[in-house]
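Beneath this line is the structure, given in structure tokens, with notes to follow.
Please treat every number below as a calculation from the coordinates, not as lab data. Because the structure is a prediction, the values reported are computed rather than measured. Positions of Cβ are backbone-derived with ideal geometry, glycine not excepted, and every protein chain shown enters the neighbour counts.
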Amino acid sequence: MGAATIRARGVRKVYPGERALTALDGISLDVRPGEFISILGPSGCGKSTFLRCVAGLEDITGGELQVDGRPVAGPPDHVGMVFQRDALLEWRNIERNILLPVEFARKPAQAYRARMAQLLRLTGLSEFGDRYPRELSGGMRQRAAICRALIDQPSLLLMDEPFGALDALTRDQMNVELQRIWLETRNTVMFVTHGIAEAVFLADRVVVLSPRPGRIADIIEVDLPRPRRLAVRETAAFGAYTGHIRQLFHEMGLINEEPDAAQQEVAA
Ligand code: ADP
């Protein structure tokens, strides 16, 4: 196995200001080439911050952070990103949206024709290359955003709650499709989510972050065979993983199933 794609050692991130905020502290993690990692934690625990640090969009305050053996310094050219909002340009058709990173890199679009066709096929969008974003459903738009992130063969795919804005059924469908795409491309993926089941379903390992400052609370190896079907979520093995994580959240005070004082008043 090669060197780690992502190597983090004691990564710390402080947002300066009058009330300086420590978003991340002591994050140490090796992500292996071709591995699918979920970063899971409650809102505000620093998941996006860590992803943006790995992407070179934020400077780290302390520690060491390397991608492909080199310290992260500024936005890299070997990373594909997908966000919650697909950020497709409405005035460009799907193919021309997907080619954006190629244009930014001043590479000849012609050389990417075959790759484009392959990605459109892989995501079921072959018929939609000449359509405009407004003509596509939310799930299809997000698939186009995934194509765009993959067009220039990134060594690393960073996904920040990419399915967070989709309805539950579409989100399930996208989980299955992302797994299929990943099984074909075998990119290294770092997938940020606050969904416990989504994190476990997709990942080789789930990195659980604690609330502010974000620290690694646990790293869970998910030993379920692939391809995983949605029904795996109803199995005891799957429930053992999600149950363990729910227990961690409970211990961190993030889940409180006791009726609170206000509710007790109403009930009385
Ligand atoms: P998550 O992705 O887990 O929801 P974020 O990484 O977005 O969490 O945020 C972690 C913490 O850092 C939050 O308290 C957030 O308010 C703060 N934060 C995020 N970005 C900035 C910024 N640019 N300036 C100051 N504080 C920020």
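What number comes out for the charge environment of Gly46, summing +1 per Lys or Arg and -1 per Asp or Glu over other residues with Cβ under 11 Å away?
So the surrounding residues net to +4.
With equal scatterers on the alpha carbons only and no solvent term, can you work out the Debye log10 of I(q)/I(0) for the stretch 168-268 at 0.11, 0.21, 0.23 1/Å?
-0.42, -1.14, -1.28
Evaluate E = 1/(1 + (r/R0)^6) for Asp218 and Arg12, where r is the Cβ-Cβ distance and R0 equals 25 Å; express this FRET efficiency to the nearest 0.05.
0.80
Sort Tyr15, Tyr241, Tyr112 so the one with the fewest other Cβ atoms within 10 Å of its own Cβ comes first.
By the 10 Å Cβ count, ascending: Tyr15, Tyr112, Tyr241.
Using a 10 Å cut-off around each Cβ, can you sort Thr5, Thr185 from fewest to most neighbouring Cβ atoms?
So the residues, fewest neighbours to most, are Thr185, Thr5.
Considering all alpha-carbon pairs of the stretch 113-197, what whole percent are spaced by more than 21 angstrom?
So the portion of pairs separated by more than 21 Å is 26 percent.
What FRET efficiency, computed as 1/(1 + (r/R0)^6) with R0 = 41 Å and r the Cβ-Cβ distance, is obtained for Ser126 and Asp30, rounded to the nearest 0.05?
Once rounded, the FRET efficiency stands at 0.65.
Restricting to DSSP H runs of at least four residues, report the calculated mean residue ellipticity at 222 nm for the chain, -39500 (n - 2.57) per run over all residues, nearest 500 deg cm²/dmol. If you can, show how the numbers build up before the last one.
Numbers: 9 runs with 89 residues, N = 268.
The helix-only estimate for the chain comes to -9500 deg cm²/dmol at 222 nm.
Using the eigenvalues of the Cα gyration tensor, what equivalent ellipsoid semi-axes result for the stretch 89-147 when each is taken as the square root of five times the eigenvalue, whole Å, largest first?
Working: eigenvalues 65, 34, 16 Å².
The equivalent ellipsoid of the stretch 89-147 has semi-axes of 18, 13, 9 Å.
Enumerate the whole-percent occupancy of each 5 Å bin, from 0 to the last occupied one, for all C-alpha pair distances of the stretch 14-106.
Histogramming the stretch 14-106 at 5 Å steps yields 2, 10, 18, 21, 18, 14, 10, 5, 2, 0 percent.
Please compute the Kirkwood hydrodynamic radius of the stretch 76-117 from all pairs of different C-alpha atoms, in Å with one decimal.
About 11.4 Å, per the Kirkwood formula over Cα pairs.
In nm², what is the average projected area of the convex hull enclosing the Cα atoms of the chain?
Its average projected convex-hull area is 17.4 nm².
If the chain between Val232 and Ala73 were fully stretched, how many nm would it gain, using 0.36 nm times the residue separation less the Cα-Cα distance? Write down the numbers at each step before the final one.
Numbers: separation 159, 0.36 × 159 = 57.24 nm, distance 4.02 nm.
Contour length minus Cα-Cα distance gives 53.2 nm.
Any idea how far apart Leu89 and Met252 come out in nm if each label point goes 7 Å out from Cα toward Cβ?
The two pseudo-label positions are separated by 3.8 nm.
How far is the Cα center of the stretch 92-139 from the Cα center of the stretch 3-64, in Å?
30 Å
Show the residues, 5+ positions off or on another chain, whose built amide H is closer than 5 Å to the amide H of Thr188.
The answer is Gly34, Leu157.
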